[in-house]
């Protein structure tokens, strides 16, 4: 087209005005987008803004605006290469994030990264080689962005990756550009990179940045709405919890006077057994120690029992409700404590206590162990009082399960004096006793307390006559299974001050991290060198590379268990002691009948028992064991 002088001036002025306005809008858009991306931490917007910024600068250099900076004219090709490479880096990073390339698999992610690296280096190399020879390579990588943004969302869709609506926008803009170029360049090479392309590309990139900005603002608003909804929900839940707490405390306050007398009755009853035990022990050692001091102790204990009897007379009222406090705990460790206490109760009248704990019991359960202990000790104490030179059986077994809930039956059987006829209902009432127990001390609170506690737990006490004489008391409880990860500790601190690790090396093998770390911290504090292993394979590997004086292992672990570890240790290092520290007694497998651990402790044992057992199986003078 031929222009006259005035037409040329008008055309140049209008073109310059349009390009200046476009450049100002782009700079404003880029600046605003970067600020918003930093505030909202939406870094996808930052990548698109930087890509637009460098591409706009490159298009200005291509359009000849370096005439306004004559000193930079000799560096035109270098500037085009540097700006193109910078644009490519941020554009590829934008595509990597937008199309979620990291989820395509390691190989496809690597292919994309290699292509992006080669493309960026290829564009950068155009600044330092012959422009004519590198123009084809330069055009290939610059135009290569267009099929790339069309192919990436299709491949992500093929890989089953769910993309947002924003991911389909670049491909749509590319199709619009191709249609525009096809209409403008009929008869010319469609994929030949010319000075006209950057203008349309700058506009397309601007649309992408604006769309990303809108998407980021919408996402930020959605996150704000979600956060407000969550806060509102938490406030509503907290308000409901507080209302329930207020109602609960109000009911507890109304029952305070009634609970006071009940507390007196229960505490008085529960104090009798330990005081009787003190008296019994004092009498046993009286001949060996200073008699006058032991006589004083016995006399004071008897006075306490008399005072308790006065309290019982004062508090003869019906029993009130208590609030159960469920917590995870080791069932077999709890039953071991009951066996120890029950053994003392049985021995007072030369009885034998036989305990049977079935193998099918869960190792950890959620229960109110304090109240369950009161129930079992009251039943064992009741059986021991009314049985002389006989036997008392404590049986615990699982009779059913539903998911993580176990139905556990507890029973106490004795061959004592039994129940008189017609006393089955009366003996469960507070301060009521059978007609055949007048000569036995007691006030008739034990079974009533048991009945009340079991009612709180959703159970009830059954009793029947034993064929061999005596009674059988039983009850069932539904208890939820628990995990060691919920435990606060796997041992009972008894504050042993005289133990020194002496440089001995322990290996602790447990698949649960919490008990593994608890035991590691405990033994490290006593001067042991501790190695931790999460499974049998890791333990065997560490055993080959590390000097170990003792292995402490759990029994039940996935894949290979404590018995598999014991077999491998006996094969590799026969003299190395192995201590089993488990939530249940040692359960030998049929293929392990010829193997046994050097020692077995139930969780949770006291630190005194743990350290004493270690000193027995691994004394300091024999701690150096050849590998």
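Residues in the range 217-243 near a label at residue 32, defined as backbone nitrogen under 15 Å from the 7 Å Cα→Cβ point?
Label zone hits: 217-218.
Could I have the simple spin-label model distance between residue 598 and residue 462, label points 7 Å from Cα toward Cβ, reported in nm to one decimal?
In this crude spin-label approximation the distance works out to 4.7 nm.
Identify the residues of the range 60-90 with backbone N under 15 Å of a label point that sits 7 angstrom from the Cα of residue 43 along the Cα-to-Cβ direction, or state none.
Residues 90 qualify, since their backbone N sits under 15 Å from the label point.
Does a label point 7 Å from the Cα of residue 23, set along Cα-to-beta-carbon, have any residues of the range 74-88 with amide nitrogen under 11 Å, and which are they?
Zone members listed by number: none at all.
If I model a spin label as a point 7 Å beyond the Cα along the Cα-Cβ vector, how far apart are those points for residue 108 and residue 245 in nm?
Modelled inter-label distance: 5.1 nm.
So, by mean Cβ neighbours within 10 angstrom, what's the order for 408-415, 365-372, 109-116, 566-573 with the highest one leading?
Most protected by this proxy first, the peptides run 408-415, 365-372, 566-573, 109-116.
With contacts defined as alpha carbon pairs under 8 Å and 6 or more residues apart, what's the relative contact order of the range 547-627 in percent?
Dividing the mean separation by the residue count of the range 547-627 yields 33 percent.
Rounded to the nearest 0.05, what FRET efficiency do residue 352 and residue 545 give with R0 = 51 Å and r taken as the Cβ-Cβ distance? Could you check?
Calculated transfer efficiency: 0.50.
Could you order peptides 224-232, 209-217, 376-384 by the average number of other Cβ atoms within 10 Å of their residues, highest first?
Output ranking for 224-232, 209-217, 376-384: 376-384, 209-217, 224-232.
At 7 Å along Cα-to-Cβ for each site, give me the label-to-label distance between residue 326 and residue 121 in nm.
6.3
None of the figures in this text is laboratory data; all of them are computed from the coordinates on show. Note that the structure is a prediction, hence the values are computed from the model and not measured. Note that we place each Cβ from the backbone using ideal geometry, even for glycine, and neighbour counts take in every protein chain shown.
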